[in-house]
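J.: Sharing a structure below in structure tokens format, with a few things to ask.
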Amino acid sequence: MTIPIDVLPSVEEFPDPFAPASGDRIATPADWPERRRQIRDLLLFYEYGHLPPPPANLRSELLSSLSFPEGRAVEERVLLSCGPEDRVSISLSLLRPAQASRPCPVVLTGDLCWGPAPAAGEVVRRGYALAQFDRTEVAPDAPGRDTGVYPLYPGYDWGALAAWAWGYHRVVDYLTTRLDVDPNRIAVTGHSRGGKAALLAGALDDRIALTTPNDSGCGGAGSFRHQGPGSESLDTITTVFPYWFHPRLRDFVGREDRLPFDQHFLLALVAPRALLTTNALGDLWANPEGSQQTYLAAKQVFAFLGAGTRIGNHYREGGHEHNADDWNTLLDFADGQFQGRSVMGHFDGRPFSGRATAFSWTAPIPPNG
Ligand code: GCU
């Protein structure tokens, strides 16, 4: 698994997620949990770094509670603390329907650092709670490891994306303690670098039922090997934002063929839980074309696990933003997944038809399959 880069084989196409580094290709869904562990280990070792285990001392303090017009929604501000000497703190805003008759699904975003979500009213109108925190409270979006969680966990080699994903997990710890939130219907989202973090969070945590990164691009749902025109490269991202990743990732610059994974491995970790990637056709930097390729590759894993209707990919016109349309798309998909409504036809976005597929393998057909 953790083989030095010079010894890793060159693989021009997307690596086969069903093929371990040594031994036979896996054959049945029963083989997947072990293969999934290997894939997770690869991604953490080479790309993101390792996350500390969940702290056992999570505490919450209600700071304020505010009712919104006509009593339809309540916003609570909650301060979470955990970790060594209780020194990790996360301020959470939880907006929820005031009169839900049963525990409600929740959408969680860590992008409060960029301002509140544009669709809060719609989220609540549709019966969801909206949980928002500022991931940069957990780890700064800047180089340097003197602040945030880094000094609290000195033995860990995590970059900022992993630290932010860990922050999502701590909020999930809290959400699962609330009686008014359905622990089986937790969705995570985030935009761009926040989308990369949300995707990693969803990939690593089975409590998250739906993962929906938006315009997450390089290091998210975009591919390193298959780069559409104008898309961000491994070289650029690890030059400008080295602290998002494990330093080892930069060793693959110019040798992307030696990556023992591509980003479809990250998407595949979500399976068989639900995954929706949302993209913008004009956001070339985020590699909408490469995201179609990772989607198609990961779909093989979802289908193999009998979860072919749990993965979606969506494109809208326009550029790099997480706008109300993206949120509506997320909610439509979530409604389908959480309420058993079939809306899947709308979520099989593949506008880049005519491009060769970035992989030649297909899912194994299980015996008797
Ligand atoms: C930069 C970076 C992207 C990132 C984006 C964002 O453009 O190169 O990888 O997704 O910032 O977070 O908005």
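The values are calculated or read from the model by the stated rules, or taken from the named source; none is laboratory data. Predicted model, so just to flag it, every value in this text is computed and none were measured. Ideal geometry is used to build each Cβ from the backbone, glycine not excepted, and the neighbour counts take in all protein chains shown. These accessible areas exclude ligands, DNA and RNA; they are computed on the full protein's heavy atoms, side chains included. Shrake-Rupley method; radii C 1.70, N 1.55, O 1.52, S 1.80 Å.
J.: Filter region 213-248 down to the residues that are within 13 Å of the ligand (Cβ to nearest atom), surrounded by fewer than 22 Cβ atoms within 10 Å (Cβ to Cβ), closer than 24 Å to VAL149 by Cβ and not hydroxyl-bearing (Ser, Thr, Tyr) and list them by number.
T.: Those that are within 13 Å of the ligand (Cβ to nearest atom), surrounded by fewer than 22 Cβ atoms within 10 Å (Cβ to Cβ), closer than 24 Å to VAL149 by Cβ and not hydroxyl-bearing (Ser, Thr, Tyr): VAL240, PHE241, PRO242.
J.: Still on this structure, please answer the following. Against the conditions (1) open to solvent by 50 Å² or more (accessible area, probe 1.4 Å); (2) touching a strand residue (DSSP E or B) at 6+ places or on another chain (Cβ under 8 Å); (3) not in a loop (DSSP other than H, G, I, E, B), where does PRO116 fall short? Just the number, please.
T.: Status for PRO116: all satisfied but (3).
J.: Please count how many residues of region 4-23 are free of Cβ contacts under 8 Å to residues at least 24 places away in the same chain and surrounded by 10 or more Cβ atoms within 10 Å (Cβ to Cβ).
T.: Here the count works out to 1.
J.: Kindly provide the set of residues from region 198-245 that are closer than 21 Å to SER353 by Cα and among the basic types (Lys, Arg), ordered by number.
T.: ARG225
J.: Applying the selection to region 272-301, what residues are among the hydrophobic types (A, V, I, L, M, F, W, C), open to solvent by less than 10 Å² (accessible area, probe 1.4 Å) and over 16 Å from the mean Cα position of the chain (by Cα)?
T.: Listed by number, the residues that qualify are ALA280, ALA297, VAL301.
J.: Shifting gears a bit: Within region 258-297, take every residue that is charged (D, E, K, R) and not in a helix (DSSP H, G or I) and give me the one that is farthest from TYR48 (Cα to Cα). Please lay out each step first, then the result.
T.: Start the filter on region 258-297 by keeping residues that are charged (D, E, K, R), which leaves 258, 262, 273, 283, 289.
Filter once more, keeping what is not in a helix (DSSP H, G or I): 262, 273, 283.
Values: ASP262: 13, ARG273: 21, ASP283: 24 Å.
So the residue we want is ASP283.
J.: Related question: Against the definition (open to solvent by 10 Å² or more (accessible area, probe 1.4 Å), of a type in the set (Lys, Arg), over 26 Å from ARG316 (Cβ atoms) and at pLDDT 95 or above), how does ARG258 come out, yes or no?
T.: It is true that ARG258 is open to solvent by 10 Å² or more (accessible area, probe 1.4 Å), of a type in the set (Lys, Arg), over 26 Å from ARG316 (Cβ atoms) and at pLDDT 95 or above.
J.: Same structure, new question: Consider ASP31 against the criteria (1) more than 16 Å from LEU269 (Cα to Cα); (2) free of Cβ contacts under 8 Å to residues at least 24 places away in the same chain: it satisfies all of them except one. Which criterion is unmet?
T.: Every listed condition holds for ASP31 apart from (1).
J.: To continue, here is another question. Quick check on region 192-208. Is at least one of its residues part of a loop (DSSP other than H, G, I, E, B), within 11 Å of the ligand (Cβ to nearest atom) and surrounded by fewer than 24 Cβ atoms within 10 Å (Cβ to Cβ)?
T.: yes
J.: Can we say ASP348 is of a type in the set (Asp, Glu) and either on the phi > 0 side of the Ramachandran plot or in contact (Cβ under 8 Å) with a residue 40 or more places away in the chain (or both)? Don't jump to the end; show me each part of the working.
T.: Details: of a type in the set (Asp, Glu): yes; either on the phi > 0 side of the Ramachandran plot or in contact (Cβ under 8 Å) with a residue 40 or more places away in the chain (or both): no.
The answer is no for ASP348.
J.: State all residues of region 34-56 that are loosely packed, with under 12 Cβ neighbours inside 10 Å, not aliphatic (A, V, I, L, M) and not in a helix (DSSP H, G or I); if no residue qualifies, say none.
T.: The one that is loosely packed, with under 12 Cβ neighbours inside 10 Å, not aliphatic (A, V, I, L, M) and not in a helix (DSSP H, G or I): PRO53.
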